[in-house]
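The next block holds one structure in the form of structure tokens; read it before the comments.
Each value in this text was obtained by applying a stated rule to the coordinates, not by laboratory testing. The shown structure was predicted, so the numbers you read here are calculated from the model rather than taken from an experiment. Glycine also receives a Cβ, built like all others from the backbone with ideal geometry; neighbour counts cover every protein chain displayed.
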Amino acid sequence: MEKSNEIIPLFNNAREIIQPIRLNYNIKNPNQVIKKIYKLKCIGKEGEVYNWYYSNEVLKTGYKIEEKTKMFESWILGKIRIRAAELKITVNSIERAILAIEFFDNHIGKTNLWLETMDMYTKLREHKQENANYYLHLENFFENKPIKPRISKKEKEILDALMDKKLDKKTKDIKLSQFMEVTANKKESEYENFEPTLYHEEGIESLKTSLTYSQLLAYRHLQGETDLTMRQMIAETVSRLR
């Protein structure tokens, strides 16, 4: 049998591909947020950081870690920092990011805690022990990193203009052409920040699809297709569906 040349990405203890994501929340009601956090038995304080454990309330969500170990209930799913009116949750996979969004919406509520933006590491690392060390101290993973907005100021201006219902078709076509030109060969930054608009407007499944596409692109980059862009990959998908 011919040996596969596939490069296997690093996985966490739930067999999820490791790709750190940080959820950046705006605290609308500080007293309520702190009160609700302290009520959650799956959260414990460690110095200035709160650990979010795979235990108690989380076990009722349906999220499963299949790997067997006596210490499975003490596994840390994420790290939480609270600074002034900001709460940040850092996790190491897409699956845990989705779990965190739904879990904290349900247990703390959007009226108290609003998901403003998300930070994402756009690379995957090969399944080697030395690479696992790269993700130690998850709470500091995005600190002092060159995080860039996924959508540039110019792109946002064009998109905002396209959303204008008063725009005539000719002008809209011109704006669309400008956007295509600006993003034609755009490559992803290593650390990206973006607004979870899809989640707020369309729900968790749309956000999940978006994150999955980002991970698929990172996977193909890991396999050596480093020049592939998101636009090209989506075009390939659309072409196959025709």
Could you work out how much longer the chain between Glu46 and Ile7 gets when fully extended? Use 0.36 nm per residue separation minus the Cα distance between them, nm to one decimal. 10.4 nm
Spin-label model distance (nm) - Asp227 vs Phe194, 7 Å beyond Cα toward Cβ: 2.4
Residue-count net charge about Leu211 - beta-carbon cut-off 15 Å; Lys, Arg +1, Asp, Glu -1: -4
Using 0.36 nm per residue of separation minus the Cα-Cα distance, give me the extension gain between Tyr134 and Lys148 in nm, one decimal. 3.0 nm
Across all directions of projection, what mean area in square nanometres is found for the Cα convex hull of the range 21-147? 8.5
Could you sort the peptides 204-210, 127-133 by per-residue average Cβ neighbour count (10 Å cutoff), highest mean leading? 204-210, 127-133
